[in-house]
Amino acid sequence: MSLPLPFPLADYFERQLAGHGVAHKIDGEQWEDEEVCDEVLRGVRTLMRHDVKCLLVAGPSDALEKELAGRPIHPRTHLRIAERKDIPKIEAALLAAGETLAARCRRLGIPHTVLSHSVTRATRLLDGHKETGGVVSIAREAIYQAFDEDELAILPFGGVDPAGRTLYVGAGDVAARAAAAVNARKLIMYGDEPGIMAPTRSGKRKKINFLDLHQLFQLVRACDAQDNFVMGEEMLPTLRAIYEALAYGVPQVHVVQAKRGALLEELFTRTGSGTLIEREPFLQLDFPARSEQLSEIMQLRAECSRAATPSGVPFLKPLTTEELQRLLPTTVVLRQRDLMVGAVYFDDAPGHDDTAVIGGFAVGENHQDSGYGRLLLESALEQIQEAGYTRAVSITAAEPVKHLYEQYAKEASAAWPDLLARAQKRYGSDQHLVAVYEFPLPATPWA
């Protein structure tokens, strides 16, 4: 059985993941919801059918969460403080998680094994944490045995101290350390929202598509105009688990919504569905673009063409295959490892031999908040100067692109009436959105 995925994305991910581990973390309210749990497990099953070794870490049941909700939060670590009288209920919840997930795996035909929480070796945290523990190590041999038998390894939250006594350890902490212990390529964390949400300047909450380790650290510390942290306290355990997974060597963590198709969309499409956090992002600029990259440039442009004016005119000017082929010698592409995440080209300005026109500005939706547009633009301007042009201009109707251009250029529509009029014809009733920007060379951001 093969996934209906577009080349080269399918090929890339199968080469990266086949034979390697991917860890998943699911909360209690998700595995208790049969429909939601089945969707998560179907995604896991698809990966397993492509020889991806899967570990599923289960969080506490909703009932236990409510029971522990009355316990205080530690002011320093923000961990829930469990008491000794909570341990019997915690152990009952551990069994329930394993039994429920095992039953659903059997119904979906997923080979599996339920591991004991004793796989997680923990210690009591000092300074008033009582029966709440921290992970010391993971007995990874038990997980590897499940992998060797092509089974889904199901590991519940919690852990045991050196005397074998149960401690309350959050599923996020267990997932982070277990993923690192088995050298997982990815940790998938399922939630109720599409990814990591953060407030914008307007006050609305927006999904963050991409972060690296440094940006994650900045996000945790970010404050609003009132000097309040932008990330709520309820997100701190998740953010801590992400940071811990990356710090212990997991290359990538994905935060996705537990819904139909979300996992495969996140992993096997360029735009993704959630938030990707990378430990060490790898970027490569290619100039000129190669002929074998043409099909991926076309796919990237097709995805970016969904962005349009109010009347539905795509911001990205449609070009034929032949036109794109002609522009390859002046096209800059940006790759994140083997995946193309951005492209831009330049061409002669009609009637102005000393001027280059920048066009085809495309950055994958999952990477538009990551500074990739700036990187592409600076590279294109550098290549334009090296090609002997004395000026560069670009035409756009897209507000995000205008904001980027304004850091390097001046709005110059009045100085370029011929270019402006030609562009306005394509936009019809939205022609008032079109603007021409002129870049000085050498180009540097405005102070």
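Points worth noting:
- Inter-label distance, nm, simple model (7 Å from Cα along the C-beta direction), Glu234/Arg221: 2.7
- Principal semi-axes in Å for region 8-136 [√(5λ), Cα gyration tensor, largest first]: 32, 18, 13
- Seen from Asp150, the other residues with C-beta closer than 14 Å to its C-beta sum to a net charge of -1, counting Lys and Arg as +1 and Asp and Glu as -1.
- The chain: relative contact order as a whole-number percent, Cα under 8 Å and 6+ apart: 12
- Antiparallel bridges, percent of DSSP beta bridges restricted to the chain (to nearest 5): 55
- Rounded to 0.05, the FRET efficiency of the Glu91 and Arg306 pair, given R0 = 56 Å and the Cβ-Cβ distance, is 0.65.
- Comparing Cα centroids, region 402-441 and region 77-94 end up 61 angstrom apart.
- Cα-based helix-to-principal-axis angle, 171-181 vs the chain, degrees rounded to 10: 80
- Cβ-defined net charge surrounding Ala139, 13 Å radius [Lys, Arg +1; Asp, Glu -1]: +2
- Relative frequency of Cα-Cα separations exceeding 28 Å in the chain, percent: 56
- Label point distance in nm, Asp38-Ala102, each placed 7 Å from Cα along Cα→Cβ: 2.2
- Over the residues of the chain, the helix contribution to mean residue ellipticity at 222 nm works out to -10500 deg cm²/dmol, using -39500 (n - 2.57) for each DSSP H run of at least 4.
- Calculated from the alpha-carbon coordinates, region 352-405 shows an Rg and a Dmax of 11.9, 36 Å respectively.
- A simple spin-label model places the labels of Glu67 and Arg260 3.5 nm from each other, with each point 7 Å out along Cα-to-Cβ.
- Binned Cα-Cα distances of region 131-191, short to long, each 5 Å bin given as a whole percent: 4, 17, 27, 25, 17, 8, 2
- Between the Cα long axis of helix 34-49 and the first principal axis of the chain there is an angle of about 70°, rounded to the nearest 10.
- Computed in the context of the full set of protein chains, the accessible area of the chain at 1.4 Å probe radius has 51% of its extent on carbon or sulfur.
- Each Lys or Arg adds one and each Asp or Glu subtracts one; over the other residues with Cβ under 10 Å from the Cβ of Arg84, this totals 0.
- Per residue, the convex hull spanned by the Cα atoms of region 69-148 measures out at 112 cubic angstrom.
- Descending by average beta-carbon neighbour count within 10 Å, the peptides 113-119, 141-147 line up as 113-119, 141-147, the highest first.
- Degrees between helix 372-386 axis and first principal axis of the chain (Cα, 0 to 90, nearest 10): 30
- Excluding ligands, DNA and RNA, the accessible surface per residue across the chain is 46 Å² with a 1.4 Å probe.
- The simple Förster model, with R0 at 45 Å and r as the Cβ-Cβ distance, assigns Asp348 and Arg76 a FRET efficiency of 0.15.
The values are calculated or read from the model by the stated rules, or taken from the named source; none is laboratory data. Not measured: the values here are computed from a predicted model. Cβ coordinates were reconstructed from backbone atoms using ideal geometry, including for glycine residues, and neighbour counts include every protein chain displayed. These accessible areas exclude ligands, DNA and RNA; they are computed on the full protein's heavy atoms, side chains included. Shrake-Rupley method; radii C 1.70, N 1.55, O 1.52, S 1.80 Å.
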